[in-house]
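Let me begin by presenting the structure, written as structure tokens, before commenting on it.
The values are calculated or read from the model by the stated rules, or taken from the named source; none is laboratory data. What you see is a predicted model, and the numbers here were worked out from it, not measured in a lab. With ideal geometry, Cβ positions are generated from the backbone for all residues, glycine too; neighbour counts draw on all protein chains shown. Surface areas here come from the heavy atoms of the whole protein model, side chains and all, with no ligands, DNA or RNA. Shrake-Rupley method; radii C 1.70, N 1.55, O 1.52, S 1.80 Å.
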Amino acid sequence: MPGFEVFGEEEKREIQDVLDTGVLFRYEFAEQRQGVYKVREFEEKFAGYCGASYAQAVTSGTAALKVALAALGIGPGDEVITQGFTFVATWEAILELGAIPVFTEVDATMNMDPEDLRKKINPKTRCIVPVHMLGAQARIAEIVEIADSHSIPVLEDTAQAAGGRIKGRHLGTFGRCGTFSFDPVKTLTTGEGGMVITADEGLWRTMSEYHDHGHDHVVNPGGRGGEGRRFIGSNYRMMEIQGAIGIAQLAKLDMMLAEQRKNKARLREAAAAIPGVSFRQLVDPEGDTATHFSFFLQDQEHCRRVNALLQEKGCGAICFADNTWHYYPQWEHLLHGRSVAAGGWPFTGPDGRRRVVYDSAALPASAALMNRNLVYPVSIKMPEERLTAICDALTKAAAV
Ligand SMILES: *Cc1c(COP(=O)(O)O)cnc(C)c1O
């Protein structure tokens, strides 16, 4: 999964360009910076790589979600639909804007179930946020079609799937916008960082202004227009060193994905021998980023038995049903409505009334899948001994 595995001379050279000028800020300082605009260059290259018209770099994947949702006009009174299997950041961003997250089931893709999405759309729905979890595609074409029929924008949370595609088209370009994370465990990493891509110039301009206190970056490219701000903003600016690292990492992304695909194919072949095994459904296997290998066993009991055997061999897999970061019934702070605000916002409104209550048993179809699912993270440089050990353990699990 992580791009830190291939951090090397290329990243250091890009960083050195920034250190040589001493300009760490992405805007202004036109004379000192000697033409070095790393964040801007990273944005241009990332948009070009994805086939998007515009890209806005920000401080994190969470910031990317917040900036995109804010630019889409989301706020209190709105509902935003996402899926019950995702990283907490997806719904934290929705709640921070004062909107209410509504969760759908996942299907055999381990991503948003379009049928359940249809049921959860209501007049308050203002945005739909499918997540391309564990590196692989949601049924994005169907989701966009449903959303379009209700004129609701789709924001693709592509934090875990940079470089993923469907028939050659990049994830993040199907909806109104797509967000990415470059945190330390993501495929392309800048330590901390994020990006939003879009084909919509107006949306991009709003994001560009919002992420930098309302400053206009079009009137004065590389710098900022100060007066006449259209609205209040905030600060989610990426710094030049992150941009520099991003340029070097992006150049390695296709190589990283190719290595992961090779390693994943080995694991899949070994797991295929387990009686009753089936695999996570991939919308387009060729466009899978292969950051994870995910498979289903017959039932929960079978799943536990197989994983116990794998653990005995030092090769235990992840059971995301038990994972407290990524799965709805395990989000105790969400379920109990805990926030830092003394008045209880966003779970409790200014009138003292509870605005939303979540029920851990609300997603039974997801539970039925999650309880019999196992996952191996796939890395770029998996040592041969580790690959062989996992494959041997899977072969042994198949024999019992
Ligand atoms: C990592 C991640 C985020 C948040 O990214 P950060 O850069 O860590 O803020 C958002 N959504 C998903 C699905 C993620 O995996």
Go through 67, 39 for me and flag whichever is touching a His at 6+ places or on another chain (Cβ under 6 Å), within 16 Å of the ligand (Cβ to nearest atom) and at pLDDT 95 or above. 67
Kindly indicate the residue of region 360-394 that is among the charged types (D, E, K, R) and farther than 17 Å from residue 278 by Cα and also least open to solvent (accessible area, probe 1.4 Å) among those meeting that condition. 392
Could you identify the single residue in 344, 352 that is among the small types (Gly, Ala, Ser) and buried (at least 17 other Cβ atoms within 10 Å of the Cβ)? 344
Matching entry among 9, 44, 28 (being in contact (Cβ under 8 Å) with a residue 40 or more places away in the chain and of a type in the set (D, E, K, R)): 28
Just to be sure I understand the filter: pairs with C-beta atoms under 7 Å, separated by 6 or more residues or on different chains, first member in region 173-186 and among the β-branched types (Val, Ile, Thr), second member at pLDDT below 95 and more than 7 Å from the ligand (Cβ to nearest atom). Which pairs pass? 185/1; 185/2
Got a sec? Which of 161, 265 is within 12 Å of the ligand (Cβ to nearest atom), small (Gly, Ala, Ser) and more than 17 Å from residue 56 (Cα to Cα)? 161
Going through (1) in contact (Cβ under 8 Å) with a residue 60 or more places away in the chain; (2) among the basic types (Lys, Arg); (3) farther than 26 Å from residue 4 by Cα one by one, residue 165 fails only at (3)
Does any residue in region 114-132 that is outside the structural domain of residue 104 (by TED's automatic domain parsing) come within less than 8 Å, Cβ to Cβ, of a residue that is surrounded by 14 or more Cβ atoms within 10 Å (Cβ to Cβ) and in a helix (DSSP H, G or I) six or more places away or on a different chain, and which pairs are these? none
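Rundown of residues vs (1) open to solvent by 40 Å² or more (accessible area, probe 1.4 Å); (2) under 21 Å from residue 131 (Cβ atoms), yes/no style:
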site	(1), (2)
152	no, yes
164	no, yes
168	yes, no
183	no, yes
190	no, yes
199	yes, yes
215	no, no
Take region 167-210 and flag every residue that is within 12 Å of the ligand (Cβ to nearest atom), of a type in the set (S, T, N, Q) and assigned to a strand (DSSP E or B). 179, 181
Of the numbered conditions (1) under 24 Å from residue 373 (Cα atoms); (2) in contact with a Pro (Cβ under 7 Å, 6 or more places away or on another chain), residue 176 satisfies every one except a single condition; which is it? (1)
From the option list 36, 106, single residue qualifying as within 16 Å of the chain's Cα centre (by Cα) and of a type outside the set (Phe, Trp, Tyr) is 106
Quick one: would you say residue 23 is assigned to a loop (DSSP other than H, G, I, E, B), buried (at least 20 other Cβ atoms within 10 Å of the Cβ) and at pLDDT 95 or above? yes
Report yes if residue 191 is at positive phi, at pLDDT 95 or above and either in the same structural domain as residue 13 (by TED's automatic domain parsing) or aliphatic (A, V, I, L, M) (or both), otherwise no. yes
Could you go through region 95-103 and let me know if any residue there is away from the ligand (no atom under 16 Å from the Cβ) and open to solvent by 10 Å² or more (accessible area, probe 1.4 Å). yes
Of the residues that sit in region 49-64 and are more than 21 Å from residue 174 (Cβ to Cβ) and in a helix (DSSP H, G or I), which one is nearest to the ligand (Cβ to nearest atom)? 62
Would you call residue 357 modelled with pLDDT of 95 or more, open to solvent by 40 Å² or more (accessible area, probe 1.4 Å), outside any helix (DSSP H, G or I) and of a type in the set (Val, Ile, Thr)? yes
